[in-house]
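I have placed the structure first, in the form of structure tokens, so that the comments after it can refer back to it.
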Amino acid sequence: MKTTSGVLLVSFAFLSLQALGDTRKSDSFSSEAKDAWITGKIETIYTLNRHLNPFSINTDVDRGMVHLTGMVESDIDRDLAVELAKNVEGVVEVKSELTIEPETARQAADAAATKHDGDRSFGTWVDDATTTAAVKSKLIGNANTSGMKIDVDTRGDVVTLSGRVASSEEKELAGEIARSTGDVSDVRNQLVVDAGAN
């Protein structure tokens, strides 16, 4: 009887240890899956942010601790990358070893990316096209502006408006709409007032 009890006790202990091992493996897998989810979320956020280059930032996550390495263009971009990572659900802490890209390297990268559009790099061209589309959408969406008749051009966050509008008030409104859009730094309002424009 004692032998049977001993065997049962040993068997129970073995099964308990095995279950504990399985739980640890399960916890480990769960932790790895969560870290992978956090990594993907952060990298997606960086990809969607127009100020950050996701290909130059390395994201490593271990039990919710985020470690950022790589290069960014400025102190502002470094701080932005850290703050965006901190706001992801499940992140416990963010350690940043991001460095600022030297000016010469940035200029060389811009020169390499320059397409057939003067001195604009492809990235700048995309930013400008995005701004143009945003301004145009706002002008079309406003009942008091003739958005379809207003031409919008953006270069380096400077928006130029041209075309004909029905009044000086409409011209001023169009300028203010453009000025309050995204990263617009200046508006060159070249709209011509023409009472017969409507």
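The values are calculated or read from the model by the stated rules, or taken from the named source; none is laboratory data. Here the structure is a predicted model, which means the values were calculated and not measured. All Cβ positions, even for glycine, are placed from backbone atoms using ideal geometry, and neighbour counts span all protein chains on display.
Quickly run through the range 156-172 and pick out the residues that are surrounded by fewer than 19 Cβ atoms within 10 Å (Cβ to Cβ), at pLDDT 90 or above and within 30 Å of the chain's Cα centre (by Cα).
If the condition is that a residue be surrounded by fewer than 19 Cβ atoms within 10 Å (Cβ to Cβ), at pLDDT 90 or above and within 30 Å of the chain's Cα centre (by Cα), then Val158, Thr160 are the ones that fit.
Do you know which of the residues in the range 50-78 that are in a loop (DSSP other than H, G, I, E, B) and modelled with pLDDT of 90 or more is farthest from the chain's Cα centre (by Cα)?
Among residues in the range 50-78 that are in a loop (DSSP other than H, G, I, E, B) and modelled with pLDDT of 90 or more, the one farthest from the chain's Cα centre (by Cα) is Arg63.
For residues that are among the β-branched types (Val, Ile, Thr) and modelled with pLDDT under 85, scanning just the range 125-154, find the one that is nearest to Val184 (Cα to Cα).
Selected residue: Thr130.
Output the number of residues of the range 54-78 satisfying the condition of being more than 19 Å from Ala36 (Cα to Cα), of a type in the set (Val, Ile, Thr) and surrounded by 19 or more Cβ atoms within 10 Å (Cβ to Cβ).
Matching residues across the range 54-78 total 1.
Please name all residue pairs, on different chains or six or more residues apart, with Cβ atoms under 7 Å, provided the first residue is in the range 121-149 and is farther than 19 Å from Ser167 by Cβ and the second residue is at pLDDT below 85 and among the hydrophobic types (A, V, I, L, M, F, W, C).
So the pair list comes out as Ser121/Ala113; Phe122/Ala113; Gly123/Ala113.
Kindly provide the set of residues from the range 155-171 that are among the aliphatic types (A, V, I, L, M) and over 17 Å from Asp186 (Cβ atoms), ordered by number.
Val165, Ala166
In the range 79-97, what count of residues is obtained for those that are surrounded by fewer than 18 Cβ atoms within 10 Å (Cβ to Cβ) and part of a loop (DSSP other than H, G, I, E, B)?
Residues flagged as surrounded by fewer than 18 Cβ atoms within 10 Å (Cβ to Cβ) and part of a loop (DSSP other than H, G, I, E, B) within the range 79-97 amount to 5.
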